[in-house]
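Below is one structure, written out as structure tokens; comments come after it.
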Amino acid sequence: MEDFIRGIPKAELHLHVEGTLEPEMTFALAARNGIDLPFTSVGEVRGAYEFTDLQSFLDIYYHGAAVLRTAEDYHDLMAAYLRRAAADNVRHAEIFFDPQTHTSRGIPFETFMVGFERAQRAAEREFGMSTSLIMCFLRHLPEEDALATLEAALPFLSQIVGVGLDSGERGNPPEAFVRVFAVARAHGLRAVAHAGEEGPPEYILGALDALGAERIDHGVACEQDEAVLRRLITDEIPLTMCPLSNVRLRVFDRAEDHNLKRLLDLGVRVTINSDDPAYFGGYVADNYLMAQRALGLTREDVVRIAANGIEAAFLDATRKTELLGEVQRYAG
Ligand code: HPA
Ligand code: ZN
């Protein structure tokens, strides 16, 4: 089963590129950019990755991104992720990035977009992987900041397939970002949003109805509200679930408590993804494996989840058919 899981063709739809910054790269980029770190070893950095909730993670994560300065840095970060994803047979990736984490430090939009693009083109050539970017707005900041970020992104829209909403969820409802999502959708961008990770099930409805989200990132709280659960099933709304993240951020106490398999059995369009793999102890295949072992996913479940990821992707029909064919041939 482990080999079957590692090799199955996958789409990854919930991955923050800033969350792929491994401690080894943090040290390399700090040295290259002449930045002093408050840590002396990779082991010490990993030791600091003990989280009690989402915010305790975000504090460390936004801090870590400060070593990213040049287009080369952003290229190296993206290239390392894409190489690692290819090893898990990720055939298509939709990659989140948080422009505000970088522009707030004076990094121009062009710097990261140029770096990302070079790595994406190389992965397409080398691995035959398709990739696109989803620009996330930080929900702990005002909507005005998000609107200014969208404005700054306009020259780069051909590189971006959609917009998302991330950062601290509690007390930051989706309704606060109605305008910026409406403008983004008017520009032809697709919409997703983190909802029901730590926040209440109503935030899932808010993401769908106020923001026009086509997929929900995490969404584990849907189980707390029968009407929300029914809505996800009826409208075939995919959930981009990240089991290792949920356990590391104590959304669930134990892997065995995760509701991914229950939701799958109820007919929810569950997908498996890695969120912030450098911080949560594993890339996408590790997330599949953890869910398989802790929740008893069958081989058919694994195939269903891999196919769900491809069906939920913002891809044209031709590429979807091609990738679904790869999954079917692999599953025999
Ligand atoms: N939730 C909210 N914001 C985030 C996450 C997450 O899981 N990962 C990176 N930013
Ligand atoms: Zn996330």
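The values are calculated or read from the model by the stated rules, or taken from the named source; none is laboratory data. Note that the coordinates shown come from a computational prediction; the quantities given were computed from them, not determined experimentally. Note that each Cβ is placed from the backbone with ideal geometry, even for glycine, and that neighbours are counted across all protein chains shown. SASA here: full protein model, heavy atoms, side chains in, ligands and nucleic acids out. Shrake-Rupley method; radii C 1.70, N 1.55, O 1.52, S 1.80 Å.
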For the stretch 2-331: relative contact order, % (alpha-carbon pairs under 8 angstrom, 6 or more apart): 20
Kindly provide the pair-distance distribution of the stretch 2-331 built from C-alpha pairs, with 20 Å bins from 0 and whole-percent values in order of increasing distance. 33, 62, 5
Cut-off 10 angstrom, C-alpha nodes, Gaussian network model of the chain. Which of HIS102, HIS14, HIS92 fluctuates the most? HIS102
Quick calc: nm separation of the 7 Å Cα→Cβ label points for ASP59 and ALA331 -> 4.4
Net lengthening on full extension, ALA148/GLU126 (0.36 nm per residue, minus Cα-Cα): 4.4 nm
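Could you look at the stretch 2-331 and say what percent of its accessible area is carbon and sulfur, using a 1.4 Å probe and all protein chains? Intermediate results must be reported in sequence, preceding the final value.
Details: 6410 of 12500 Å².
Carbon and sulfur: 51 percent of the exposed surface of the stretch 2-331.
Return the Rg/Rh ratio of the stretch 157-242 with Cα-based radii and a Kirkwood Rh. Intermediate results must be reported in sequence, preceding the final value.
Working: Rg = 12.2 Å, Rh = 12.8 Å.
That ratio equals 0.96.
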Return the sequence-ordered ³J(HN,Hα) values of the stretch 193-207 in whole Hz as given by the Karplus equation 6.51 cos²θ - 1.76 cosθ + 1.60 applied to θ = phi - 60°, using x for Gly and Pro. 7, 5, 7, x, 8, 10, x, x, x, 4, 5, 5, 5, x, 4
Evaluate the Debye formula for the stretch 197-332 with equal point scatterers sitting on the alpha carbons, no solvent, and hand back log10 of I(q)/I(0) at q = 0.12, 0.18 Å⁻¹, in q order, two decimals. -0.46, -1.05
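Where does each of MET25, MET1 land when they are ordered by accessible area, with a 1.4 Å probe and the largest first?
Output order, biggest surface exposure first: MET1, MET25.
Let me know the whole percent of all Cα-Cα pairs from the stretch 64-182 that are separated by more than 21 Å. Don't skip to the answer; put the middle values down first.
Working: 2793 of 7021 pairs.
Of all Cα-Cα pairs in the stretch 64-182, 40 percent lie more than 21 Å apart.
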If amide H atoms are built 1.01 Å from N in the plane of the peptide, which residues on other chains or at least 5 residues away come under 5 Å of the amide H of THR131? ALA93
From the backbone phi of the stretch 289-296, what are the Karplus-calculated ³J(HN,Hα) couplings (6.51 cos²θ - 1.76 cosθ + 1.60, θ = phi - 60°) in whole Hz, Gly and Pro given as x? 5, 4, 5, 4, 6, 6, 10, x
Which FRET efficiency value, to the nearest 0.05, is calculated for ARG250 and GLU300 with the Förster distance at 30 angstrom and r the Cβ-Cβ distance? 0.50
